[in-house]
Amino acid sequence: MTPRSIGLDLARRDGPAKVTGTATYAYETAVDRPAYCHPVQATIARGRVTRLDTAAAEALPGVLAVLTEANAERLASTEDGELAVLQSAEVAFRGQLIGCVVAETSETARQAADLVEVAYAEEDHETELTADGDYDAETTGDVETAFAEADFAVDQTYTTAMYHNNPMEPHATTALWADGTLTLWESTQGVHPTRAKVAEVFGLDTERIRVICPYVGGGFGSKGLPHANVVLAAMAARVLPGRPVKLAVTRQQMFSLTGYRTPTIQRARLAADRSGRLSAIAFDVAEQTARVKEFAEQSGKPSRTMYAAPNRRVAHRLAALDVPVTSWMRAPGECPGMFGPEVAMDELADRLGLDPIELRLINDPAEDPESGKPFSSRNLAECLRTGAERFGWADRGPRREGRWLVGCGVAASVYPVNRMPESTAVIRFSGGRYTVDIGAADLGTGTWTTLPQIAADALGVPVDEVEVRIGDTAYPNASVAGGSSGMITWGSAVLDAAAVFREKFGTDPADGDEAEGSVSENPEQENFAMSAFGAQFAEARVHADTGEVRVPRMHGVFAVGRVINPRTTRSQLTGGMTMGLSMALHEQSVLDPRFGHVVNHDLAEYHVAANADAGQITAEWLDEHDPHVNAMGAKGVGEIGIVGAAAAVVNAVYRATGVRVRDLPVTLDKLLPGLSPGPAL
C-alpha cells in the first residue's frame, strides 16, 4: 500500500454537522411521543432498603410508572454486579440505583423521583483507601540487596486523586421496545460491545437488539463499557412497549453511576550507581475497587518495561470498598502509573546531579526488560533529544521574573500498541463510489475522516470516492474504541476487505460488487514488544507570594508510528496533554468518608482545565516507520498524550520553587509552606 491519502491533513467530515448542530446525539434522537426516566438513588453507603414508598410519586399527574426492586423484571444475568439493576434490596454504595420514575416529561420524572420515600437498615461502611494490606508482587532478581548496596536511592510515596470523566455529553440513552426487539440510541464507544452485554443481561439473542450511535460527545473511556444507566433505560422502556423512553444521566449522577479512575498510593523506589545506571526499580501501588464489581487499574505495568534494571519488583494492592464502580479513564494504568516513577526519576537525577534527560537516556533499554523481546521500534531517546531542542531545555531555569518563580520539567510517556482480534468491514461499489460499512465508533477522535483515508489507499482511489458508515450494529461487528486500538483494529479490517475486494473484482468493479474482510491477531507480537513512546516538557510559573501556579507552555514529542491524519492526531495528543495538565493542577474528586459520596460532584467544584488554564500546548511526532505493528504502521494516539504529562508539570513546579509535591493535584496548601520564608533559588 502506497500512502497517498494517509498522512493528509484533512478536515473532519463530521465537523459541519457538529458545528451547525445537526449532528444527532443519543438523547436528541427524534422519536414519537417519548417518555422520560429519572433514577432514584441510594443515600447510604452500605445496607439494605427496608421500605420504599412510591405512592406519592405514582399519584403525581404525568407519572407513567415507578420501578423498584419489588416490581422490576428479573434479569437473565446478574453476574456483572454493576448491571444487576433493581435485582436486590441490598445497597453496595451511595448513589446506587434503587428505582426509577417514568413520566410524560423529564421535569415530572425528576419531581416524582424526589417523592419516593426510602427507609434503610444501614451498615458500617468502608470507603477510604489506605496503603495497608496485602500486595500481589512480581519480582525479578534481588531487589532488597540492590537497594542496600546502591550508591544512590530514592524511596518516596506519591498519590494520585480520584478522577471522574466529564465529557461534554453526559451518558444518555433513548430506548424503544417494539415488536419483540430493543433499539438503543446510546452514547457509547462501542455499539457492538454494548449490544453483546445488554443481550447477556436480558437473555436476548443479539439479533433482537440494535444499538445506534453516529456521534459521541466525548467519552475518554467512561463510555467504553455499558453502565447501569443503560440497563435501567431498557427496563423502563420495556414497561412501555412501543413507546420510546429517554434517560439522560445528570452531571451529578455521573459521579456515582458511570465509572471513574481509582485514587492510587504509589511507593516508588529507585536504586542507582554513581553513573546513574539503575540497579533496581520497585513500585508498589494501592488502588480501590467496588465490592459489587472488581476493576483493577494496571498502574504498575509501565514500570515493568520503561527502564532497564536487573532487579525489579511490581506489586499491586486492590482494596474492595463500599464505593461506586471504578472503570476506564483515558490511558488506564499507564496514566497514573507513570506519575510516581517519572517524578522519582526526577528526584534521583537531582541527587545524582544529572540532567533528568541524561538519566533517562542512560537507562533506555535495548530490549524489553520484562519479556526480553526486541522493541518493534523504540524512539524514546529521539523524542527526548528532539523535545529538548524544540522546547529550549538548555534554558530551563530555575529563574525569577519579578514575583514569579520559573522552572521547567520533563517526563517520559509510554503506551502499548493494542489491536483487538475482532472487527469486520464490508466494502461495496455503487454509483462510481466505494462505501465501507463497519460498526465502529467516533467519540470525537476522527474516525469519520480517518477510516476513508485508510480505505482510499487500500483501494488505490482518491479519498473523496470513499464513504464510511459507522456507529450502528446494522453494520458489521467492530471492537470498542478504547486503548488506542480503534483505528489500528478497524483500519486493519478495512485493509483486509480492500484486498479481498480487489482480488475478486479487480480495478473495474461492477455496480453492487462487495467484499468482506476482518482483522486477526498480529503474529509479530510473538517476536516484538510494541509500544508508542513520548517525551513531555512543561514550564511552570509559581507566584512567590500566593503560590499560584501557571503553566504557560507544554510541548510533547511522540513516536507513534505512521500518522493517519495530522489534524486529528494533533487534536488527540494536545487533548491528552491538556487532561494531564488538569490532572496535575486541578482535578480531584473529594469523597466524604462519613457518607461515601463525592461532594464536589459538578463542574462548579470539580475543576477541569479550561482555556484560561492551558497556555501554549503543542505536540509533534517523529517520522517513525514500524512495519511490525500493522500494515498501516500506526501505533494509536488516543492515550499517550496524557501519559507523563502530570509528572512533567510537577517536576517543573519543583524546578521553579524547590518544593517537591508528591500528592496530586498541586494546590496552594501544598506549595505555600515550602515557599515561606523564601523559595530556594
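The values are calculated or read from the model by the stated rules, or taken from the named source; none is laboratory data. These numbers were taken from a predicted model, which means no experiment stands behind them. Cβ sites come from the backbone with ideal geometry, for glycine too, and all protein chains shown count toward neighbours. Note: accessible area is taken over every heavy atom of the protein model, side chains too, but ligands, DNA and RNA are not part of it. Shrake-Rupley method; radii C 1.70, N 1.55, O 1.52, S 1.80 Å.
Taking a ≥ b ≥ c as the square roots of the eigenvalues of the alpha carbon gyration tensor, segment 351-495 is prolate, as a/c is not under 1.5 and a/b beats b/c. Rg over Rh for segment 26-88 works out to 1.00, both radii taken from alpha-carbon positions and Rh defined as the Kirkwood radius. Each Cα pair of segment 539-673 feeds into the Kirkwood radius, which the Stokes-Einstein equation turns, at 20 °C and 1.002 mPa s, into a diffusion coefficient of 130 µm²/s. Taking the centroid of alpha carbons for each part, segment 604-640 and segment 302-324 are 24 Å apart.
Seen from residue 452, the other residues with C-beta closer than 15 Å to its C-beta sum to a net charge of -1, counting Lys and Arg as +1 and Asp and Glu as -1.
Using a probe of 1.4 Å on the protein chains alone, the accessible area found for residue 389 is around 140 Å². Percent of Cα-Cα pairs per 20 Å bin, from 0 to the last occupied bin, for the chain, please list those. All Cα pairs considered, the percentages come to 18, 49, 30, 4, 0. In the context of the full protein assembly, residue 9 retains an accessible surface of approximately 80 Å², using a probe radius of 1.4 Å and ignoring ligands and nucleic acids. Legend: residue pairs 197/223; 301/670; 223/635; 301/373; 301/635, Cα-Cα distance threshold 24 Å; pairs beyond threshold, 301/670. If you take every residue apart from residue 46 with its C-beta less than 14 Å away from the C-beta of residue 46, what net charge results, scoring Lys and Arg +1 and Asp and Glu -1? Overall, the nearby charge balance is -3. Convex hull volume of the Cα atoms of segment 600-678, normalised per residue: 176 Å³. Ranked by the mean number of other Cβ atoms within 10 Å per residue, highest first, peptides 320-328, 89-97 order as 320-328, 89-97. Shape class of segment 520-599 from the Cα gyration tensor (axes a ≥ b ≥ c, square roots of the eigenvalues): oblate, since a/c reaches 1.5 or more and a/b does not exceed b/c. Temperature 25 °C, viscosity 0.890 mPa s: under these conditions the Stokes-Einstein estimate for segment 72-172, based on its Kirkwood radius over C-alpha pairs, is 123 µm² per second. If eta is 0.692 mPa s and T is 37 °C, what Stokes-Einstein diffusion coefficient results for segment 281-331, Kirkwood Rh from Cα pairs, in µm²/s? For the chosen part, D equals 269 µm²/s.
Expressed as a whole percent, the accessible surface of the chain that belongs to carbon and sulfur atoms is 48, based on a 1.4 Å probe. Each of 448, 490, 404 has its accessible area taken with a 1.4 Å probe; listed largest first, they run 404, 448, 490. When you filter the GluC sites (Glu not before Pro) in segment 583-670 for DSSP loop state and at most 15 other Cβ atoms inside 10 Å of their Cβ, you are left with 605. Measuring nothing but how far apart in sequence close Cα pairs (under 8 Å, 6+ apart) lie, relative to its length, the chain scores a relative contact order of 16 percent. All C-alpha pair distances within segment 63-119, sorted into 10 Å bins from zero, spread as 22, 48, 28, 2 percent across the bins.
Note on surface exposure: 617, 640 rank 617, 640 by accessible area, highest first, 1.4 Å probe. Would you please classify the overall shape of segment 1-134 from the alpha carbon gyration tensor, given that a ≥ b ≥ c denote the square roots of the eigenvalues, rounded means a/c under 1.5, and beyond that prolate means a/b larger than b/c while oblate covers the rest? The shape class here is oblate.
Residue order by solvent-accessible surface for 520, 492 is 520, 492, largest first, with ligands and nucleic acids left out and a 1.4 Å probe. Surface analysis of segment 343-472 yields an accessible area of 34 Å² per residue, using protein heavy atoms and a 1.4 Å probe.
Restricting segment 149-214 to GluC sites (Glu not before Pro) that sit in a DSSP loop and have at most 14 other Cβ atoms within 10 Å of their own Cβ leaves 149. In this view, the solvent-accessible surface of residue 357, computed with a 1.4 Å probe and all protein chains in place, comes to about 10 Å².
Here is the list for segment 287-349: GluC sites (Glu not before Pro) lying in DSSP coil, each with at most 15 other C-beta atoms within 10 angstrom of its C-beta, are 294.
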